[in-house]
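Each reported figure results from applying straightforward, stated rules to the coordinates on display, with no laboratory input. These numbers come from a predicted model, not from an experiment. Virtual Cβ from ideal backbone geometry, glycine too; neighbours counted across all protein chains shown.
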Amino acid sequence: MNRMNFQAIILAAGQGTRMRSKLPKVLHKVCGQTLIHRSILAVKSAGVGLVTVVVGTGRNLVEAEIARHGFSGVDSAHQVSQLGTGDAAKAALPQVKSKNLIILPGDVPLLSATDISQAIELYNSQGPDLLFISFKPEEVHGFGRVVRNESGEVQSICEEKDCSAEQKKIREVNAGIYICSKTFLVDALESLNTDNAQGEFYLTDIVSYAKATGKKIEAFCAPSPLSLAGANSRKDLSVLEAIRRRQIVEELMDKGVGFEDSNQVYIDEGVVIEPECFIGAGTRLQGETTLAEGVQVEGETLIRNTKIGSGTHVKLGSVFEESEIGKDCSVGPFAHLRPGSKLGNNVKVGNFVETKKTILHDGVKAGHVSYLGDAEIHPEANIGAGTIICNYDGKNKHQTVIGKGAFIGSNSCLVAPVKIGDDAYIGAGSTITKKVPDRALGLGRARQTNKDDWSK
Ligand code: UD1
Ligand code: CA
């Protein structure tokens, strides 16, 4: 059976009370990705064609997050009041177009495409009316228990709050992932009631419904319990974050990336790092960041949504945001590339240099203590220590252009809009407010006078 004939229903309308947060639970993150984004990615990567996300608490925020990623075949259904997981699944029914369904919670962040694929394969090969995934975690607290009879046949799922002391001892628990046909689900949901400890419509009761109506049930006890754990509290989230963070680093080491201390780096899901890179302790790599082969990153550095070319050396304590750096550059220590900074190849940006919406073409050097904003600096120009581009007049930002091979003397202020010509020179300590032609020397400072024997 083609996976495209499956539709996923992701339950994401709950309040997430145990998070103690104003943010809806599924908008909390693991390794830089929201729980809802991770759930959608997992089902989509497993080849599921259509996805309906059931939203409720913080509906607008959750829908905005889904839309932000521009998935195709993903829509949302509204659960008006949070009456339980069974009611949530019901809310999705009007949007179900496929014959086969996989229903899963939106708060299982380590769930992988492989887990989902395996369950679908099993459903296709065994042909039960209802398949659900169970597992045996170290800590069973909070999970629904899988109740079996003496011959091992599944009877029901019992929520912890409804369990007898004997049932609480059961080690096999419900992962909250079910596969069945639309026809089965419609009938099963019809049978639910709120006759339980929490007064909710439990989706788990579709299992006892299947049993009572003589349907074939398959409980797939997954061998890798780690990926099925739910994130109900901030503590759960931090445990799962640590597991995934470690997996990411290990996958990178297997590919040939080196680490000074692999336990002291924070690398988001989706960051691309090529072989022969070396990452120092205390590095945070976030969002859509790419490091080409052989990039060296010294520690205590934050790099967000930035692309770095091969052989570039990033020195201690730097911060880059939404920027692009070419090959064989040297940046830092303590450099700050703000959004829209673009460095060509062989560029040098030294300590306490801040750039914003500025292009530094090949071979440009800005070694020390500068602010370079809203500027284009052509190849091989040299920016002296303490150069400040005065890009803001209190109301508007203006553009500065520095020509090829220009030399800006130390402690100069370039008042924008202004243009410095190719191979032009600016005398140290100048305040430049007018265009400097190609090859000219621009001076804008008081001439030095010496008073003889003044100290007397
Ligand atoms: C649920 C299962 C439990 C299982 C566990 C696995 C039920 C009754 N219990 O418990 O057997 O072991 O998952 O992780 O299903 N939601 C809605 N609308 C609601 C209530 C919940 O959309 O009215 C969503 C939540 O946003 C969440 C998911 O359903 O993503 C699961 O709800 P949650 O309250 O976390 O259920 P658990 O107590 O973890
Ligand atoms: Ca949960």
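Odds and ends about this structure:
- Whole-number D in µm²/s for the chain (Stokes-Einstein; Kirkwood sum over Cα pairs; 25 °C, 0.890 mPa s): 96
- Straight-distance crosslink candidates among aspartates and glutamates, where the alpha carbon sits under 16 Å from LYS216 and sequence neighbours closer than 8 are dropped: ASP129, GLU153, ASP187, ASP205
- Dipole magnitude of region 234-442 about its Cα centre (Cβ charges: Lys, Arg +1; Asp, Glu -1), debye to nearest 20: 880
- Rounded to whole Hz, the Karplus (6.51, -1.76, 1.60) HN-Hα couplings of region 361-373, x for glycine and proline: 6, 3, x, 5, 10, 9, x, 8, 6, 9, 10, 10, x
- Residue-count net charge about ARG18 - beta-carbon cut-off 12 Å; Lys, Arg +1, Asp, Glu -1: +2
- Contour minus Cα-Cα distance for THR17 and ASN193 (0.36 nm per residue): 61.1 nm
- Above-threshold pairs, the threshold being 22 Å between Cα atoms, out of LYS356/LYS404; LYS307/LYS419; LYS161/LYS182; LYS307/LYS327; LYS365/LYS404: LYS307/LYS419; LYS161/LYS182
- Convex hull projection area averaged over all views, region 67-210, Cα basis, nm²: 10.0
- For the chain, the relative contact order works out to 8 percent when only alpha carbon pairs closer than 8 Å and six or more residues apart are counted.
- Two-site label geometry, LYS451 and CYS221: point separation in nm, points 7 Å out along Cα→Cβ: 9.6
- In region 2-135, taking the dipole from charged Cβ atoms about the Cα centre, the farthest positive-side position among LEU11, GLN126, ILE102 is held by LEU11.
- Centroid-to-centroid separation of region 205-262 and region 151-179 [C-alpha atoms, Å]: 19
- For the chain, share of DSSP beta bridges that run antiparallel, in % to the nearest 5: 15
- Put simply, the amide H of SER156, placed in the peptide plane, has neighbours under 5 Å in VAL147, leaving out anything fewer than 5 places away on its chain.
- Peptides 171-182, 442-453 ranked from most to least packed, by the mean per-residue count of other Cβ atoms within 10 Å: 171-182, 442-453.
- ³J(HN,Hα), Karplus 6.51/-1.76/1.60, whole Hz, each residue of region 448-456, x for Gly, Pro: 6, 10, 10, 9, 5, 6, 5, 5, 5
- Between amide H atoms placed 1.01 Å from N, distances below 5 Å from ALA222 occur with SER134, PHE135, all of them 5 or more places distant or on a separate chain.
- Once backbone amide H atoms are built at 1.01 Å from N, ILE359 has LYS342, ALA375, GLU376, ILE377 as its partners under 5 Å, excluding neighbours fewer than 5 places away on the same chain.
- Straight-line cross-link reach from LYS315 at under 12 Å between alpha-carbon atoms covers these aspartates and glutamates, not counting any fewer than eight positions away in the same chain: GLU298, GLU300.
- 12 Å beta-carbon shell around ARG439, net charge (K/R +1, D/E -1): -2
- From phi via Karplus (6.51, -1.76, 1.60), per-residue ³J(HN,Hα) for region 311-327 in Hz, x at Gly/Pro: x, 6, 10, 9, 8, 2, x, 9, 10, 10, 10, 6, 10, 9, 10, x, 7
- Only lysine pairs 8 or more places apart, or on different chains, with alpha-carbon atoms under 23 angstrom apart are counted in region 24-123, and they number 7.
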